[in-house]
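For reference, the structure is listed below as structure tokens.
Every number here is computed from the coordinates shown, using simple stated rules; none is lab data. Being a predicted model, the structure only gives us computed values, none of them experimental. Neighbour counts run over all protein chains shown; Cβ positions are idealised from the backbone, glycine included.
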Amino acid sequence: MALSLRTLVVASALFLGMCIITSGKPAETTHAYCRIVWLVGVPCDQANMALVTQMKAMGSYKLGPVTPALIQANHTSAVGQIEGVNFTMMPISMSLGCHIEGSSVSEFWFSLFDNGTNYCNLHNVIQGSGLTKAPGFIEFTNEWLCLGVGLSACK
């Protein structure tokens, strides 16, 4: 019974989160971008610490303001392209889990299709942080929210 209730809470939070970030339509931008929603079964403070630790370890991220609910950074790719990266966190289910929204947007207007670079910016951090192995981990994105996700080959 507890598992089905938890599944219902997670599914509801995912649906609500997608409604909030998409407003029912794709983002309007001329830059390559990616938005991802993750649900993890760990408290947000633990998720925040794991993400910040991983970004510091990777070296290609320059951290900006970091608060318990928001991590801002810039990522510089191997070819010198810069992307703005954000992670926002909201507790779900009475602090039993965390709703994380990640976004990565290329700085240059001419980089509309980036072959999944923005997806990989987010994926590599979340995977390296170990949160993909957290209980109840779920990832949601698609081509409307994340240009080039189908073409990505993250390293």
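Extent of region 40-108 along its three principal axes (Cα atoms, max minus min coordinate, largest first): 42, 22, 18 Å. Projecting the Cα positions of MET58, ASN121, TRP144 onto the charge dipole of region 34-145 (unit charges on Cβ atoms of Lys, Arg, Asp and Glu, taken about the Cα centre) puts MET58 furthest along the positive direction. Taking θ as phi - 60° and the Karplus parameters 6.51, -1.76 and 1.60, the scalar couplings of region 146-152 work out to 8, 4, x, 4, x, 9, 5 Hz in sequence order, x denoting glycine and proline.
May I ask for the net charge around GLY102, where only other residues with Cβ less than 11 Å from the Cβ of GLY102 are counted and Lys, Arg are +1 while Asp, Glu are -1? Around GLY102, the surrounding residues sum to -1. Under 5 Å between amide hydrogens, built in the peptide plane, is the criterion, and for CYS146 it picks out ARG35 among residues at least 5 positions away or on other chains.
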